[in-house]
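Participant: Sharing a structure here in structure tokens format.
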2 protein chains.
Amino acid sequence: MLRTHNCGELRLENQGERVILCGWLHRSRILGGMTFIDIRDRYGVTQLAFDEQKNADLCMKVRSLGREFVLQAEGIVRERSSKNIKLVTGDIEIEVTDIKILNHSKTPPFTIEDNTDGGDELRMRYRYLDLRRNVLKTNLELRHRLSFLIRNYMNENGFMEIETPFLVKSTPEGARDFVVPSRMNANQFYALPQSPQTFKQLLMVAGYDRYFQLVRCFRDEDLRADRQPEFTQLDCEMSFVEQEDVLQMFEGLMKYLFEKEKGLSFGDFQRITWENAMKYYGSDKPDIRFDMKFVELDCEVKGFGFKIFDDAELIVGICAANCADYSRKQIDELTEFVKRPQVGGNGLIYIRYGEDGIKSSIDKFFNAEQLKAIAQKFNAKTGDLMLIMAGNKAKTRTALSCLRLELGSRLGLRCGNAFAPLWVTDFPLLEWDEETARYYAMHHPFTAPKPEDYSKLFTHPAEVRANAYDLVVNGVELGGGSIRIHNREMQNDMFKALGFSEEEAKTQFGFLLDAFEYGAPPHGGIAFGFDRICSVFSGAESIRDFIAFPKNNNGRDIMLDAPANISSVQLEELNIKLK
Amino acid sequence: MLRTHNCGELRLENQGERVILCGWLHRSRILGGMTFIDIRDRYGVTQLAFDEQKNADLCMKVRSLGREFVLQAEGIVRERSSKNIKLVTGDIEIEVTDIKILNHSKTPPFTIEDNTDGGDELRMRYRYLDLRRNVLKTNLELRHRLSFLIRNYMNENGFMEIETPFLVKSTPEGARDFVVPSRMNANQFYALPQSPQTFKQLLMVAGYDRYFQLVRCFRDEDLRADRQPEFTQLDCEMSFVEQEDVLQMFEGLMKYLFEKEKGLSFGDFQRITWENAMKYYGSDKPDIRFDMKFVELDCEVKGFGFKIFDDAELIVGICAANCADYSRKQIDELTEFVKRPQVGGNGLIYIRYGEDGIKSSIDKFFNAEQLKAIAQKFNAKTGDLMLIMAGNKAKTRTALSCLRLELGSRLGLRCGNAFAPLWVTDFPLLEWDEETARYYAMHHPFTAPKPEDYSKLFTHPAEVRANAYDLVVNGVELGGGSIRIHNREMQNDMFKALGFSEEEAKTQFGFLLDAFEYGAPPHGGIAFGFDRICSVFSGAESIRDFIAFPKNNNGRDIMLDAPANISSVQLEELNIKLK
């Protein structure tokens, strides 16, 4: 090794030792005849001291060194005269006797500090410099620890990690595939997996009983801020289980991670059905760090001549505690907020429960008595503000859900250090798509209907529920899963309900249908977004900074400059032409 | 859970307990009024017993069940009257009171036994059934354990597992890339990584100090039996190290794996330079489970009028102990062996050191005295057989190396339970390719020349050695690595020596060259073939059965029927046409 110690480990008890450190010149400063350098590596920062009086040549040499030079410094550990309590190595410094420049550095295009001066694009181009910053290093260290803890838990619970292929077959169902032209099989293509779903089911048919994998998955979708074309999934499957077994096992995993990583312990996670999640939070991934549940109004407010209520499919509101003193301006802001296209509300009605009585934006239609009755429905108390929306059921719920989150943020109820896990269960099996005028599997086509709802698959498809579940933490969906179909007839029915012809089902999933005829066990599982787990544990919004080398929103790696053109020889060999 | 216990855990101490087991009908047999079923799951096999006299209906039902049916059986654990000592559950059986068929099974196309009757192609098509066989299950369990142990060791030694991207940039250097057309960036392609080499070097530049990853890699090469288009690599890199540090760290890893998995402990691994490996074994990956080193003859045998020797660039042989009694037929077989095109020898000369004196195939040219001198050179003793080849140096070494391995196998010296690890060091930096008339990097273009040889890079390129090393176990290269270049000028020189124009170097590796200008630390690393580690630990030849879903030699997944055609819509979106 070129060093005896790293830059984070020397303490007062090492005083007097001769050591060699290697690292990057983080900062340097000159104080009279003394020159100090902070030398940095992954493990920390240590102060190097150079005394002009003792060694003028060395001091001169050191003063010419620039930021981010790579150094090897030899010297004696000594107690610092002015200690730095913010630094774990702050009690000591190295009285350097010799220094070697292991590599030079141009001046970095942005500062290697927590609050860097570099813009997004520049930091993406020099990702290897951005990764030197403490923020990103901390994120990747968290990611390493979480992956290690996950594997420990899974191993202790008898799960085998089994790797599944990346060069698979394209299936039109679901998101768009990335494809890979085959050279050896002209005009044919592999696809990169969107998830190992069918493989893990085949592993259950093969008797592997408990499978998991931390695995890269690929989706060629138009990207949003928190989506990446490649992302990592914790993929799990178990045999001979019912829904409760899966929930217990993975609630256990989350508790284990929270305890080991955060020192937090939890009782049983809360649960809510999908139907109630929509009813009380307008969302299938409610943030339950704060309450503020939806209150549906109907008989209370219809028939008073207020057209917006009278015509509405749904009238629903929330009660913001102690917000009765919101100014006109604040309420206008909220109204503007709900009218944004991405929120989609058509207006906002308020009822203030002030010290001086109840006032509202619908005083024209409701008298004090009637408003009081509404307030009672909300369980409102003096000082509260009720906010009500009305209109189409689905749209109104979505818009009010956005408002609820916005209010939660404004009121400081969505704190990054609090964690509120929630199971959402009993998802519908199918959802109708207006555009293509057909049902799609809400989870995926391998999810089993609840046995008691199976008979309605062709008569009332929208009413069929599934043993499907999501784990939501702080309003973020961390994972989802289901009990799967394990029998060929039911899988045939499912494909039929999704509008597949027998031929299509066979071409795309023949191998799985075949497998169901050779003794498939009852099974179910779950998959978590690992990038998301990392960001939620860190209290961050975006997953991008938990990925060492992410793509930008156009799917480009700016540092590599990829994707890029390939040679005509390559195209030739692959039997493809550009358009 | 649909079961109280698995099929491998019940023992005599569970006697009298009411249990529920789930699993596959492995075998059934009728003995008079008793019917027995072996029920199997991942954990083992348990005997279910049905007594016609006690429950005739149940017994009837059970007799209609076929192989591989999925069953749920409830009953009481009881001591077996005739115990099966081959089975860990062999002391007990379940007196079944109720049985449920969880799923039917068609008769499998081959038997689920260690010695199955299924051919390769059939077993690939029904891989999920083949994976039920004990052999494959044992392999995948070994793979799971090894990956878990590797991560433990790496974590304990301060390595961070950092995931690198799969959608990267195509580089013509090295093997052929698989490419992925980009929809969002028309006419451009990603490539799948052949290894994360450049990323791990960038992580060192970013200061991550110790990185590892168990990661899938891709090479679009024509396949041999032990190659797969996608394979898994244990990829590692360290900063501020010299060669010795890397060797120690990963010798430590291998010792840890051997000890934990095999209970074997090793002293220091043997080391040999590449030059000596070629001289003494004719191979850069010698199997040193047995000795039989090459002995070079020259002055001893030249100038005696034997043209084959006189004209040869190299005369070299091996001494097979106690083989002097090989028959004419046996020696003819060996001669045929070396003449095979894939071995490439042009003939074989033998000298028998028998009880009755020395006899050889070159008695015409050498008298007894001269033959005795040769035998002395071989350190041969009575009873030994010397086998000699002559000709072009490289070809003769390769052919004799094949013969040495063949003899080792015939003599039972290459036993699967013995492990002989070996470091091969000091590889040449470059190798000349006749076809393209240029030098190629023997390891890869990022390997540093030995400092003392650097000056010869342009004057005597073939003589430049690298701090590059391979770990070889039992004649199989498990991994290889090197100390890398960390400075831009040297990397420029290296690209120049490889015939890259400045422009080419910049287009392909500009980001890495840039990175070297911002404080790259000295670094080095190694990468292991994880599939190979698994097969060598298991004493197997091929890696295919250590991969859950492998491709065949045409790169096809027979089960999925992939690669396959994709839709015209997909081609349209990707801006490509088929030729």
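Participant: In deg cm²/dmol and to the nearest 500, what is the mean residue ellipticity at 222 nm of chain B if only DSSP H runs of at least 4 residues count, each as -39500 (n - 2.57), divided by the residue total?
Facilitator: -8000 deg cm²/dmol
Participant: Then there's this: Among A:257, A:277, A:238, whose Cα projects farthest towards the positive end of the dipole of the range A:238-278, with charges put on the beta-carbon of Lys, Arg (+1) and Asp, Glu (-1)?
Facilitator: The residue sitting farthest along the positive end of the dipole is A:257.
Participant: Could you tell me the total accessible area buried at the A-B interface, probe 1.4 Å, in square angstrom to the nearest hundred?
Facilitator: Between A and B, the summed buried area is about 11500 Å².
Participant: Using the Cα centre as the reference, give the magnitude of the dipole from point charges on the C-beta atoms of the range B:207-308 (Lys, Arg: +1; Asp, Glu: -1; all else neutral), rounded to the nearest 20 debye.
Facilitator: 400
Participant: Something else: If each of residue A:4 and residue B:452 carries a label point 7 Å out from its Cα toward its Cβ, how far apart are those two points in nm?
Facilitator: The two pseudo-label positions are separated by 2.7 nm.
Participant: Determine the shape class of the range B:12-103: with a ≥ b ≥ c the square roots of the Cα gyration tensor eigenvalues, call it rounded for a/c under 1.5, and otherwise prolate if a/b is greater than b/c, oblate otherwise.
Facilitator: Note, shape of the range B:12-103 comes out rounded.
Participant: Continuing with this model, one more query. Relative to the compact globular guide of 2.2 N^0.38 Å, what is the alpha carbon radius of gyration of chain B, as a ratio?
Facilitator: Cα-based Rg divided by the globular estimate yields 1.22.
Participant: Ok, one more. About its Cα centre, how strong a charge dipole does the range B:290-414 have in debye, to the nearest 20, once Lys and Arg get +1 and Asp and Glu get -1 at the Cβ?
Facilitator: 300
Participant: For the range A:12-103, build the charge dipole from Cβ charges (+1 Lys, Arg; -1 Asp, Glu) around the Cα centre, then report which of A:96, A:73, A:85 sits farthest towards its positive end.
Facilitator: A:85
Participant: Around residue A:447, which amide H atoms from residues at least 5 apart in sequence, or from another chain, sit under 5 Å from its own amide H, with H modelled in the peptide plane?
Facilitator: Amide H neighbours of residue A:447: A:485.
Participant: Assuming 0.36 nm per residue, please report the length gained on full extension of the stretch residue A:417 to residue A:64 beyond their Cα-Cα distance.
Facilitator: Between residue A:417 and residue A:64, full extension yields 122.7 nm more.
Participant: Putting +1 on Lys and Arg Cβ atoms and -1 on Asp and Glu Cβ atoms, find which of B:533, B:508, B:554 reaches farthest to the positive end of the dipole of the range B:446-577.
Facilitator: Farthest towards the positive pole: B:533.
Participant: While we're on this one: Okay, which of the range B:539-579 sit inside 12 Å, backbone N to the point 7 Å along the Cα-Cβ direction of residue A:186?
Facilitator: Flagged as within label range: B:579.
Participant: At residue A:340 and residue B:265, where each label point lies 7 Å from the Cα along Cα→Cβ, what is the point-to-point distance in nanometres?
Facilitator: Modelled inter-label distance: 6.5 nm.
Participant: If a/c stays under 1.5 just call it rounded; otherwise compare a/b with b/c (prolate if a/b is bigger, oblate if not). Do that for the range A:192-259, with a ≥ b ≥ c from the square roots of the Cα gyration tensor eigenvalues.
Facilitator: Oblate, since a/c reaches 1.5 and b/c is not below a/b.
Participant: Checking the table A:293/A:381; A:293/A:393; A:255/A:393; A:260/B:200; A:100/B:169 against a 24 Å threshold on Cα-Cα, which pairs fail?
Facilitator: Among A:293/A:381; A:293/A:393; A:255/A:393; A:260/B:200; A:100/B:169, the Cα-Cα distance tops 24 Å for A:255/A:393; A:260/B:200; A:100/B:169.
Participant: Let me ask another. Are there any residues in the range A:55-72 with a reduction of at least 10 Å² in accessible surface when going from the isolated chain to the assembly of protein chains? Probe 1.4 Å, please list them by number.
Facilitator: At a threshold of 10 Å² (probe 1.4 Å), the residues of the range A:55-72 that become less exposed are A:70.
Participant: What are the ³J(HN,Hα) couplings of the range A:142-158, residue after residue, when phi is run through the Karplus curve with 6.51, -1.76, 1.60 and θ = phi - 60°? Round to Hz, x for glycine and proline.
Facilitator: For the range A:142-158, the Karplus curve yields 4, 4, 4, 5, 5, 5, 5, 5, 4, 5, 4, 4, 5, 4, 4, 9, x Hz.
Participant: For the protein assembly as shown, what is the accessible area per residue in Å², given a 1.4 Å probe and the full set of protein chains?
Facilitator: Roughly 41 Å² per residue, with all protein chains present.
Participant: Where the accessible area of the protein assembly as shown is counted over protein heavy atoms with a 1.4 Å probe, how much of it, in %, is carbon and sulfur?
Facilitator: Exposed carbon and sulfur together represent 46 percent of the surface.
Participant: Shifting gears a bit: Tell me the net charge near residue A:536. Cut-off is 15 Å between Cβ atoms, residue A:536 excluded, with +1 for each Lys or Arg and -1 for each Asp or Glu.
Facilitator: Overall, the nearby charge balance is +1.
Participant: Under the rule a/c < 1.5 gives rounded, and otherwise a/b versus b/c splits prolate from oblate, where does the protein assembly as shown land using the Cα gyration tensor?
Facilitator: It comes out oblate by the Cα gyration axes.
Participant: Run the label-point distances for residue B:55 please: 7 Å along Cα to Cβ, every other copy, nanometres, shortest first.
Facilitator: Ordered by distance, the counterparts are at 8.5 nm.
Participant: Could you tally the net charge around residue B:25, taking each other residue with its Cβ under 9 Å from the Cβ of residue B:25, Lys/Arg +1 and Asp/Glu -1?
Facilitator: +1
Participant: Quickly work out the residue A:432-to-residue B:111 label distance, labels modelled 7 Å from Cα along the C-beta direction, and quote it in nm with one decimal.
Facilitator: 5.6
Participant: Quick one: with label points 7 Å out along Cα→Cβ, list the inter-copy distances for residue B:363 in nm, shortest first?
Facilitator: Copy-to-copy label distances for residue B:363: 12.9 nm.
Participant: Rounding to the nearest 20 debye, state how big the charge dipole of the protein assembly as shown is about its Cα centre with +1 on each Lys and Arg Cβ and -1 on each Asp and Glu Cβ.
Facilitator: Result for the protein assembly as shown is approximately 40 debye, rounded to the nearest 20.
Participant: Given a Förster distance of 22 angstrom, what is the FRET efficiency for residue B:101 paired with residue A:496, based on the Cβ-Cβ distance and rounded to 0.05?
Facilitator: Step by step, r from the Cβ atoms, then E = 0.35.
Participant: Quick check on the range B:515-579: what does the Kirkwood estimate of hydrodynamic radius come out to from the alpha carbon pairs, in Å?
Facilitator: That comes to 16.6 Å for the range B:515-579.
Participant: What does the copy distance list look like for residue B:276, label position 7 Å along Cα→Cβ, in nm and ordered from shortest?
Facilitator: Result, one decimal in nm: 7.4.
Participant: Right, another one. Round to the nearest 0.05 the FRET efficiency obtained for residue A:55 and residue B:223 when R0 = 56 Å and r is the Cβ-Cβ distance.
Facilitator: 0.35
The values are calculated or read from the model by the stated rules, or taken from the named source; none is laboratory data. Owing to the predicted nature of the structure, the values given are computational and were not obtained by experimental measurement. Positions of Cβ are backbone-derived with ideal geometry, glycine not excepted, and every protein chain shown enters the neighbour counts. Calculation scope for accessible area: heavy atoms of the full protein, side chains included, ligands and nucleic acids excluded. Shrake-Rupley method; radii C 1.70, N 1.55, O 1.52, S 1.80 Å.
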